[in-house]
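What follows is a short report on a single structure.
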Amino acid sequence: MIKPQGIDHIVLRTVRYQDLINFYCNVLGCKLELSKDNIGLTHLRAGNALIDIVDVNGKLGKQGGGAPAELSNNVDHFCLQIESRGEQELQEYLKSCDVLYGEFQDRYGAQGMGRSLYVKDLVGNNLELRFMVSKSR
């Protein structure tokens, strides 16, 4: 039987390759782990998971067909568990980075109920930013 332990990685295809890498590193705090420029692939560390950024115009990206568009994203959304902080503090931070965000709501996720909001990255992918829930639930 298969027993999932968490998200290993997600893959985002884009025509704004370096810009998207910069967004995930500079705004969301991911760390560059490995870059394979010869095929247009960069692995970014997000806690215990990876976010892979693929250049649609690179060797690997061309295998996936056309570029994602506003109404044709290749991912509905993904959720990043983030370190707990005040809601207003997070909203102020996102605003200072010119990131559009929605309202906080209680939502169910892999760690149970928690507070989260949705944002869009700079190429239109939907992300849910979710406060980590304490282990004593």
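Brief remarks follow.
- Selected residue (criterion: nearest to Arg45 (Cα to Cα)) from residues of segment 70-89 that are surrounded by 11 or more Cβ atoms within 10 Å (Cβ to Cβ) and more than 16 Å from the chain's Cα centre (by Cα): Ser84
- Residue within segment 104-121 that is over 22 Å from Ile7 (Cα atoms), buried (at least 17 other Cβ atoms within 10 Å of the Cβ) and not aromatic (Phe, Trp, Tyr) present: no
- Where a residue in segment 1-30 is under 17 Å from Leu129 (Cβ atoms) and its partner, wherever it lies, is among the small types (Gly, Ala, Ser), with Cβ under 7 Å and at least six apart: Gly6/Ala49; Ile7/Ala49; Cys30/Ala46
- For segment 1-42, filtering for residues that are assigned to a strand (DSSP E or B) and either within 12 Å of the chain's Cα centre (by Cα) or among the basic types (Lys, Arg) (or both) leaves 7.
- Just one residue in the set Gly61, Gly124, Gly86 is out of contact with any strand residue (DSSP E or B) (no Cβ under 7 Å at 6 or more places or on another chain), at pLDDT below 90 and under 24 Å from Val11 (Cα atoms); that residue is Gly124.
- Search result, residues across segment 79-134 that are without any contact (Cβ under 8 Å) to a residue 60 or more places away in the chain, in a loop (DSSP other than H, G, I, E, B) and acidic (Asp, Glu): Glu83, Asp98, Glu103
- Members of segment 1-36 found to be surrounded by 11 or more Cβ atoms within 10 Å (Cβ to Cβ), more than 17 Å from His77 (Cα to Cα) and among the charged types (D, E, K, R), listed by number: Arg16, Asp19, Lys31, Glu33, Lys36
- Leading residue by the ranking (farthest from Leu41 (Cα to Cα)) among those in segment 57-68 that are among the small types (Gly, Ala, Ser) and either in a helix (DSSP H, G or I) or in contact (Cβ under 8 Å) with a residue 12 or more places away in the chain (or both): Ala67
The values are calculated or read from the model by the stated rules, or taken from the named source; none is laboratory data. What you see is a predicted model, and the numbers here were worked out from it, not measured in a lab. So basically every Cβ, Gly included, is an ideal-geometry build from the backbone, and we count neighbours across all protein chains shown.
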